[in-house]
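Working notes, beginning with the structure itself.
The values are calculated or read from the model by the stated rules, or taken from the named source; none is laboratory data. The structure presented is a predicted model; accordingly, all values stated were derived computationally and were not measured. In this analysis, Cβ positions are derived from the backbone assuming ideal geometry, glycine residues included, and neighbour counts consider all displayed protein chains. Remember, those area values only see protein heavy atoms, side chains included, never the ligands or the DNA or RNA. Shrake-Rupley method; radii C 1.70, N 1.55, O 1.52, S 1.80 Å.
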Amino acid sequence: MQAVESKQENFFINECHGSSFNSSSPVTSLQGSIIAQKMDGNSTALICSNKEFVASMRRFSINEFSSKDTNCLISPALFVPSDQSQQKRSAKEAFCGRHVYLDIENGNLTHKQISKLFPREEIVVYSSYSHTRELSRYRVIFLTDKVMAPNAYTALYNQIAHVIEGAGYQDIRKGTSGSRAKVHGIDRKPYLTDLFYLPCKPGNGDGFFVHYEKGRSPIDVDQWCANLSPTRFDKDDGTGTVEASLATIVADHASVCEEALATFRDATVEPRTSFKALRKLNCTLIRAGVDDISRDVTLTQAAQSSRSPTDRMKDKARLMRIQGIN
């Protein structure tokens, strides 16, 4: 809501159903911001569903340009400039963002290999303007299920790089040598404010646009952030604070779930009270901001411990579709 009420006035809407400028829909449906040129301080928020976002990127991929600099760029961020700010795309103006981008060049890591390293994640890959058959240069977009804060973006970016390096791919800047060396070629851009050229036809040769979607889904931001692993990048990027804050949140949620479950059991000592108590339990968890996985587990425990577990499990399935309280 803070972003909606901000100075950000430019929106590009491909799918306007459900979007309203007096609600949070333009933020929750954010797909990034389009920037005309690197030095341009203005940005246009792209508002649509993940499906329409991928379709738009595919349409961009057939565009032809005389040079890469004539193409537009995209940033994962929604920029919210303040009245006092002289810069419109600084780190302070990045309110939130969506999807995680990798820029790959000068390596031998292919997008097919990336898809195997992340078999459950929905991924879009497209060749860059400088791509050739001899030297593959491309970008990878890991779709996310929701928007995220700047430090969460960096944490997810680091996790992805950590998985790739854990598979044996090395950073060429760390002195990698030898014809058989596995080099990932990631041009490190770990921040929400980083810019990436939109898809287009390469200047010399054929390109590609691939959407890995079968049996996959966008990254669950909450789940990934709740299960962060230490990486070699964290100290430099300051994402250790993300781990600490998330650990506190997870611990708090565990306490909330435990107390709410105890309250449910106390309230269902008498017969014919479990349905009402289950609904109250669900409302308590939602108001506390408990993630869906923990909410599902807690409701399941409550349902199975009730006097009518079969009926309550059916009720639990319906309650899990409730995303918020009116």
- [ ] Select from the stretch 286-311 the residues that are open to solvent by 60 Å² or more (accessible area, probe 1.4 Å) and more than 23 Å from Val269 (Cβ to Cβ) and list them in ascending order.
- [x] Arg287, Asp292, Ile293
- [ ] Would you tally the residues in the stretch 61-93 being in a loop (DSSP other than H, G, I, E, B) and modelled with pLDDT under 85?
- [x] 11
Task: Matching residues in the stretch 131-150 - criterion: being open to solvent by 50 Å² or more (accessible area, probe 1.4 Å) and over 12 Å from the mean Cα position of the chain (by Cα) - done: Arg133, Glu134, Leu135, Arg137
Open item on the list: Considering only residues that are over 20 Å from Lys116 (Cα atoms) and acidic (Asp, Glu), which ones fall in the stretch 204-224?
Closed with: Asp206, Asp222
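Does Asp40 meet the test of being within 18 Å of the chain's Cα centre (by Cα), under 21 Å from Tyr191 (Cβ atoms) and not aliphatic (A, V, I, L, M)?
Working: within 18 Å of the chain's Cα centre (by Cα): no; under 21 Å from Tyr191 (Cβ atoms): yes; not aliphatic (A, V, I, L, M): yes.
No.
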TODO: Please specify each residue of the stretch 129-167 satisfying the condition of being free of Cβ contacts under 8 Å to residues at least 40 places away in the same chain and in a loop (DSSP other than H, G, I, E, B).
DONE: Glu134, Leu135, Ser136, Arg137
TODO: Among the residues of the stretch 312-326, write down those that are open to solvent by 40 Å² or more (accessible area, probe 1.4 Å) and either at pLDDT 85 or above or under 19 Å from Glu258 (Cβ atoms) (or both).
DONE: Met313, Lys314, Ala317, Arg318
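Just for strands (runs of 3 or more DSSP E) wholly inside the stretch 1-57: which have at least 3 residues that are modelled with pLDDT of 85 or more? It would help to see each step written out before you state the result.
Working: elements: 11-13, 30-35, 44-47.
Ranges flagged: 30-35, 44-47.
Do we find a residue being over 27 Å from Leu73 (Cα atoms), modelled with pLDDT under 90, assigned to a loop (DSSP other than H, G, I, E, B) and among the aliphatic types (A, V, I, L, M) anywhere in the stretch 176-184?
The initial filter retains those residues of the stretch 176-184 that are over 27 Å from Leu73 (Cα atoms), namely 176-182.
Cutting the leftovers down to modelled with pLDDT under 90 gives us 176-182.
In the following step, the residues that additionally are assigned to a loop (DSSP other than H, G, I, E, B) were identified as 176-182.
The next check asks that each one be among the aliphatic types (A, V, I, L, M); those that pass are 181.
Looking through the stretch 176-184, at least one residue is over 27 Å from Leu73 (Cα atoms), modelled with pLDDT under 90, assigned to a loop (DSSP other than H, G, I, E, B) and among the aliphatic types (A, V, I, L, M).
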Open item on the list: Just checking, does the stretch 77-97 include any residue being closer than 27 Å to Pro202 by Cα, charged (D, E, K, R) and touching a residue at least 40 places away in the same chain (Cβ under 8 Å)?
Closed with: no
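Any residue that is part of a helix (DSSP H, G or I), of a type in the set (A, V, I, L, M, F, W, C), more than 18 Å from Asp222 (Cβ to Cβ) and open to solvent by less than 40 Å² (accessible area, probe 1.4 Å) - is there at least one of those in the stretch 261-276?
Within the stretch 261-276, one or more residues are part of a helix (DSSP H, G or I), of a type in the set (A, V, I, L, M, F, W, C), more than 18 Å from Asp222 (Cβ to Cβ) and open to solvent by less than 40 Å² (accessible area, probe 1.4 Å).
Which residue is modelled with the lowest pLDDT, if the candidates are limited to the stretch 277-311 and must be assigned to a helix (DSSP H, G or I) and basic (Lys, Arg)? Explain how you work it out, then say what you get.
Of all residues in the stretch 277-311, those assigned to a helix (DSSP H, G or I) come to 277-287, 292-304, 309-311.
Add one more test, that the residue is basic (Lys, Arg), and what stays is 279-280, 287, 295.
Numbers: Arg279: 88, Lys280: 88, Arg287: 70, Arg295: 81.
Restricting to residues being assigned to a helix (DSSP H, G or I) and basic (Lys, Arg), the top hit is Arg287.
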